[in-house]
Structure formats: C-alpha cells, structure tokens
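So the structure is just underneath, and the comments pick up after that.
No lab work stands behind these numbers, since they all come straight from the coordinates. All of these numbers come straight from a predicted model, not from anything done at the bench. All Cβ positions, even for glycine, are placed from backbone atoms using ideal geometry, and neighbour counts span all protein chains on display.
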Amino acid sequence: MGKFKTDKIESSVNWKSMFREWGMIFVILLIVVVATIRRPAFLSVSNLINILRSYSTIGIAALGMAYVIIGGGMDLSISSTVSLSAVVTMLVINGTVIEGVSPAHATFLALAAGIIIGALVGCIGGGIMAAVNGQMGESFIITYALQIIIAAVANGVVGGKFQAAGYKSGLFKQIGMGLNPVIIFLVMAVILQIILVKTIFGRNLYFLGANMKAAKMAGIKTRQVRFLSHVICGICAGIAGVVVVSRVNSASISQGLNYEMDAMACVAIGGTSLDGGSGSITKTVLGVVMLGVLLNALNLLGVQANEQLIVRGAVVVIAVVLDTLNKKAKLKEVAK
C-alpha cells in the first residue's frame with residue numbers, strides 16, 4: 001500500500017516537472033489543434049511554408065538574442081537595429097540603381113551595409129556592457145536606452161519618410177523571395193549552434209551566464225565574451241533588416257517594431273532560461289517555429305492584431321513564470 005502511494009506521488013511530480021519544462025509548448029499545441037479543427041487548411045504545406053517565410057526574419061534576430069541571453073544579458077536594441085539596417089539598406093540599394101551598379105555588387109553592398117550597421121550597434125552596446133561588466137539588470141536598461149537612440153538615428157537618416165524600392169527586379173530582390181529567407185535563417189542557426197557548442201567562446205558564454213563571479217575566478221575574460229555576444233546579436237539584427245527589406249520591397253523606421261519582444265518570446269518558448277547559462281540555438285529555432293505557428297493559428301481563428309499583441313506579451317510572461325518554477329524545483333531537488 002505504501003509503495004503504491006509513493007509511486008503515485010512520484011508520478012504526480014513527473015507530470016508537474018513535465019509541465020514546467022514543456023508547458024508553453026503544450027498550450028501552443030492545444031491552440032494548433034483548435035485551429036486545425038476549425039480551419040483544416042492550417043496544416044497544409046503551403047501554409048506551413050508561409051509560416052516559415054513570415055517568421056524567418058524574426059528568427060534571425062532571435063538567434064542573436066539567444067546568444068546574449070545565454071550569456072546572462074539582454075538586448076532590447078535589436079528592434080531599432082533592424083529598422084536602422086532596413087532604411088540604410090534601402091538607401092544603399094536605391095543608390096546603386098541610380099549609379100548603375102551591377103546587381104551582384106549592389107547586393108554585396110546592401111548585405112555589407114546591414115552587417116556593418118548591426119556590428120556597429122553591437123560594438124556600442126557590447127562596449128558599454130563590457131565597460132560596466134554588468135548583467136541582466138544593467139543590460140536591460142542600457143540596451144533600452146540604445147533602442148531609443150538608434151530609433152532616433154534611423155528617423156534622422158530618412159527624415160521619418162517611408163522608403164520605397166527603386167528597383168523592380170534583381171539579385172537583391174531574390175534574397176527575400178521563396179524559401180531563401182528560411183535557408184538564410186537555418187544556415188545561420190547551424191553556424192551559430194556550432195560556435196556555441198564547439199568553441200571555447202561558446203563554453204565561456206554558458207559559464208558567464210551561469211555564474212559571472214565563478215567565470216572570473218576561472219580566468220575567463222568575461223568582458224570580451226559579453227562584448228562578442230552583443231556584436232553577434234547586432235549582426236543578426238542587421239541581417240534581419242536586410243532580409244525583411246528584400247522581402248517587402250520597402251523600408252521604414254518602424255520596420256523592426258516589436259522584434260525584441262518576439263525574439264525574447266522565441267528564446268523563452270524554446271526553453272532557454274532568461275537568467276542565462278542554459279539553452280541552445282536549436283531550442284531557439286524550435287521557439288521560432290512554435291511562435292510562428294501560434295500567431296498564424298490566431299490569424300486563422302480571427303483574433304485581432306491588438307489581441308495578438310496581448311498574447312505575445314502573455315507568452316513571455318508565462319514562459320518566464322514556468323522557467324522560474326522549474327529552477328526553484330531543481331534547487332529543491334539538489335537540496336534534498
């Protein structure tokens with residue numbers, strides 16, 4: 001009788017643990033089931049491909065956010081970085097059309113512009129974070145301030161004006177067509193995952209996120225690691241800006257609106273701890289897919305845009321709550 005009760009208690013604990021680990025995904029799958037019942041076309045190949053295309057640019061930005069979060073930080077500036085990259089890229093590509101530059105060179109210049117813009121923003125944010133050697137709290141405030149500054153710079157560059165494409169076709173336009181954004185996203189994910197798990201920098205990033213004091217005592221150059229994580233995040237946001245411009249054939253100062261929230265949601269849904277020290281790019285890719293499926297399901301169910309923003313915010317809150325409960329439970333298990 002006693003053994004039966006023990007087994008029952010253990011089973012209950014396992015269910016609780018499973019919900020803490022995968023609760024967010026269970027909720028999303030439930031919404032997917034409802035959407036599929038009401039709109040059978042939801043699981044069609046064309047719709048799934050559309051989901052991947054639509055959220056690949058957010059996914060690219062989320063890859064960089066994952067690096068910063070794994071290192072125990074946060075980068076809210078990616079939304080403005082995407083916008084700045086987008087408007088500068090459009091100015092560059094339109095300028096090359098006027099000057100008669102070849103499509104290959106124009107595409108190279110546009111990509112270079114996006115990457116340089118992202119890298120510069122990453123260097124500024126990473127440089128400040130390295131100087132103060134701060135963690136989550138400091139990075140939150142500093143990158144929030146940078147978000148405002150970069151948004152103002154983007155607005156100043158184009159005078160707040162909407163930028164239309166000055167081209168009708170060409171190699172640059174191919175970047176955002178078909179499955180090319182998805183391919184770019186997945187190739188970057190593979191490269192960043194390899195860096196994360198196969199290099200000293202990747203291992204140090206995990207160590208830094210788990211315990212910065214211990215990382216310092218172990219001789220890890222924490223300032224350099226934090227700096228590089230922000231640079232990588234900036235580059236990802238810059239590339240996302242280039243891809244989204246190519247896909248929509250326009251640019252504006254609001255191009256990256258809510259990208260930081262969506263990127264955090266992708267990282268959190270994928271199971272990466274927002275306290276740092278754990279997670280992976282693979283989990284972030286899963287989070288991107290799940291967020292894309294969730295928002296697409298909400299569209300098919302007729303949920304309005306404003307209510308969808310509420311859902312996005314709620315997703316981040318729920319993911320953080322589940323992560324907190326999961327860490328507390330693990331600490332209790334270790335204490336036993």
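The Cα atoms of the range 45-325 cover 56, 43, 34 Å along the three principal axes, with the biggest extent listed first. Peptides 300-311, 54-65 ranked from most to least packed by the mean count of surrounding Cβ atoms within 10 Å: 54-65, 300-311.
Highest mean first, the peptides 215-227, 265-277 sorted by other C-beta atoms within 10 Å per residue fall in the order 265-277, 215-227. Charges were assigned to the Cβ only: +1 to each Lys and Arg, -1 to each Asp and Glu. The resulting dipole of the range 95-219 about its Cα centre is roughly 220 debye. Based on alpha carbons, the Rg and Dmax found for the range 193-336 are 17.8, 58 Å. I want the local charge near ALA189. Using Cβ-Cβ distances under 15 Å, sum +1 for each Lys or Arg and -1 for each Asp or Glu among the other residues. Result for the local shell: +2.
A simple count of charges around LEU274, restricted to other residues whose Cβ falls under 11 Å of its Cβ and scoring Lys, Arg +1 and Asp, Glu -1, yields -1. The residue among LEU48, THR199, GLY122 whose Cα reaches farthest toward the positive pole of the charge dipole of the chain, with charges on the beta-carbon of Lys, Arg, Asp and Glu, is THR199.
Between VAL197 and SER278, the modelled labels are 1.7 nm apart [label points 7 Å from Cα along Cα→Cβ]. Just to verify a number: FRET efficiency for VAL317 and ALA104, C-beta to C-beta distance, R0 = 41 Å, to 0.05? After rounding, the FRET efficiency stands at 0.35. Ordering VAL97, ALA112, CYS233 by the projection of their Cα atoms onto the charge dipole of the chain, which places +1 on the Cβ of Lys and Arg and -1 on the Cβ of Asp and Glu, puts CYS233 at the extreme positive end.
To the nearest ten degrees, helix 259-269 and the longest principal axis of the Cα atoms of the chain are 30 degrees apart.
Here's the picture: charge each Lys and Arg Cβ at +1 and each Asp and Glu Cβ at -1 in the chain, and of ILE175, ILE25, LEU146 the one pushed furthest to the positive end of that dipole is ILE25. Specify the angular offset, from 0 to 90 degrees and rounded to the nearest 10, of the alpha carbon long axis of helix 2-38 from the longest principal axis of the alpha carbons in the chain. Computed tilt is about 30 degrees.
Legend: residue pairs LYS213/LYS327; LYS221/LYS328; LYS213/LYS283; LYS198/LYS283; LYS283/LYS327, Cα-Cα distance threshold 24 Å; pairs beyond threshold, LYS221/LYS328; LYS213/LYS283.
Between VAL187 and ILE37, the distance separating the two model label sites (each 7 Å from Cα on the Cα→Cβ line) works out to 4.3 nm.
GNM remark for the chain: springs join alpha carbons under 10 Å apart, and the peak mean-square fluctuation among VAL92, VAL101, VAL158 falls on VAL101.
A simple spin-label model places the labels of ALA145 and GLU307 4.1 nm from each other, with each point 7 Å out along Cα-to-Cβ.
For chymotrypsin sites (Phe, Trp or Tyr not before Pro), the sites in the range 91-169 that DSSP calls loop and that have at most 12 other Cβ atoms within 10 Å are PHE162. For LEU286 and LEU48, the difference between the fully extended length at 0.36 nm per residue and the C-alpha to C-alpha distance is 84.3 nm. D by Stokes-Einstein for the range 197-246, Kirkwood Rh over Cα pairs, 25 °C, 0.890 mPa s: 204 µm²/s.
Under a model in which nothing but the beta-carbon of Lys, Arg (+1) and Asp, Glu (-1) is charged, the chain shows a dipole of about 840 debye around its Cα centre.
Placing one equal scatterer on every Cα of the range 109-203 and applying the Debye formula, the log10 ratio I(q)/I(0) at q = 0.10, 0.13, 0.15, 0.21 Å⁻¹ is -0.45, -0.74, -0.95, -1.23. For the range 110-177, trypsin sites (Lys or Arg not before Pro) are listed when DSSP marks them as loop and at most 14 other Cβ atoms sit within 10 Å of their Cβ; the list is LYS161, LYS168.
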